[in-house]
Every structure is written in structure tokens, then in C-alpha cells.
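Q: One structure follows; several queries about it will come next.
Every read-out reported here was derived from the displayed coordinates using simple, explicitly stated rules and does not represent laboratory data. What you see is a predicted model; the values in this text were computed from it and never measured. When we count neighbours, we look across all protein chains shown, and the Cβ atoms used for this are built from the backbone with ideal geometry, even at glycine.
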Amino acid sequence: MPAKISRLADFLPYRLAVTSNAVSGRIAEEYQERFGLKIPEWRVMAVLGDAGALTQRALVGATLMDKVAVNRACKVLEDRGLVSRSPNERDGRSHHLELTAAGHAMHGEIMPLAREMEARIFATLTPAERESFQEMLGRIMQQVRESLGRAG
């Protein structure tokens, strides 16, 4: 039986969410200042930069953001010329979104900054601890995805 949690600050999902918000907020400040990007926009750019062309539905799944937030982010990025939209040959009801040349250029500027910020944020951990932390996050995410699959 799980141990009784008497304080919210000791509840791991709460601590994970607060830590995630703190890290995302710090990164968002930097990206807003340098690139004029908000959190949903840089998340969409990061996924498209890694995966290539995706539908909005696939972006929702990859980012775990709600479809309205993804739609808004895609619209902003498209209006700025960072993302282009093309018909989905397999499904006429959807489109593929992908980074434009300007989007790829910005992604290329963002990634070194992201790595630098990651190094600063996680400097308190040893390389072995960082590797272990990455592995643990992967296991937690897999468990969450499996439980969502059973619930849905």
C-alpha cells in the first residue's frame, strides 16, 4: 500500500509538475526574448524539427498538448513563415505541417541554446545521474501512456 502523503509538497506528481513548470518557464523566457516564441510554439517547432512533417493530430500526440493549443501554435508559426501546411494525401480532412527553411534555420539556432540551458539546469547532477534520470522519466512516461491507453 502506498505511503500516506500528508503534504502536497511531498506528492511526487505535484513536485514533477512544479519542476516541469519552473524549467519550462525559464526556457520560455529565453525563447520569448530571443525568438518571440511561446511554450506551445517552441514545442511544436521542436517536434517538427525532429520528426519532419506531421498532422496536427500527430502533433497533439507527440506534445501531449490539447488540440486547441496545438492549433493556435501552428497558426502563429504559419503566419510567421516558420511552418508550412500541405494537403495530406492519405486523408483529405487533414494537412501535414512542416518547418519551412526559416523554421529550420530558427530550429538550428534554438537547439544549441536548448543544450546550453539543459547543461546549466542539470549541472547539479553527475553524468550517471542524468542518464539515470532520463531512463526513469522514460519509464514513467511509458507507464502514463499505458494507463491512458487502458482508460481510453
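Q: What number does the chain give for Rg over Rh if you use C-alpha atoms and the Kirkwood radius?
A: So for the chain, dividing Rg by the Kirkwood Rh gives 1.01.
Q: Right, here's the next one. Once fully extended, how much extra length lies between residue 46 and residue 135, figured as 0.36 nm per residue of separation less the alpha-carbon to alpha-carbon distance? Intermediate values should be presented prior to the final figure.
A: Working: separation 89, 0.36 × 89 = 32.04 nm, distance 2.05 nm.
Result: 30.0 nm gained on full extension.
Q: Follow-up question, since we're still on this one. Please report 35, 122 as a ranked list, fewest other C-beta atoms within 10 angstrom at the top and most at the bottom.
A: On the way: 35 18, 122 15.
Ascending Cβ contact count within 10 Å gives the list 122, 35.
Q: Report the FRET efficiency, 1/(1 + (r/R0)^6), for residue 38 and residue 94, where r is their Cβ-Cβ distance and R0 is 22 Å, rounded to 0.05.
A: With a Förster radius of 22 Å, E is 0.40.
Q: Would you mind telling me which residue in 27, 110, 121 has the biggest mean-square fluctuation in a Gaussian network model of the chain, where springs connect alpha carbons within a distance under 10 angstrom?
A: 121
Q: Something else now. Give the distance, in whole Å, between the Cα centre of the range 7-60 and the Cα centre of the range 111-152.
A: Measuring centre to centre over Cα atoms gives 13 Å.
Q: All other residues with a Cβ under 15 Å from the Cβ of residue 106 taken together, and with Lys, Arg as +1 and Asp, Glu as -1, what is their net charge? Could you put the intermediate results ahead of the total?
A: On the way: positive: 34, 38, 43, 80; negative: 30, 33, 41, 50, 78, 79, 98, 109.
After counting each charged neighbour, the total is -4.
Q: Putting +1 on Lys and Arg Cβ atoms and -1 on Asp and Glu Cβ atoms, find which of 71, 45, 102 reaches farthest to the positive end of the dipole of the chain.
A: It is 71.
Q: Let me ask another. Sort 84, 94 so the one with the fewest other Cβ atoms within 10 Å of its own Cβ comes first.
A: So the residues, fewest neighbours to most, are 94, 84.
Q: Which whole-Hz ³J(HN,Hα) couplings does the range 45-62 yield from phi under the Karplus relation 6.51 cos²θ - 1.76 cosθ + 1.60, θ = phi - 60°, glycine and proline marked x?
A: 4, 4, 5, 5, x, 7, 9, x, 4, 9, 7, 4, 4, 5, 5, 4, x, 6
Q: Separate question: Given H placed 1.01 Å from N in the peptide plane, which residues other than close sequence neighbours of residue 83 have an amide H under 5 Å from its amide H?
A: Long-range HN contacts for residue 83: 78, 100.
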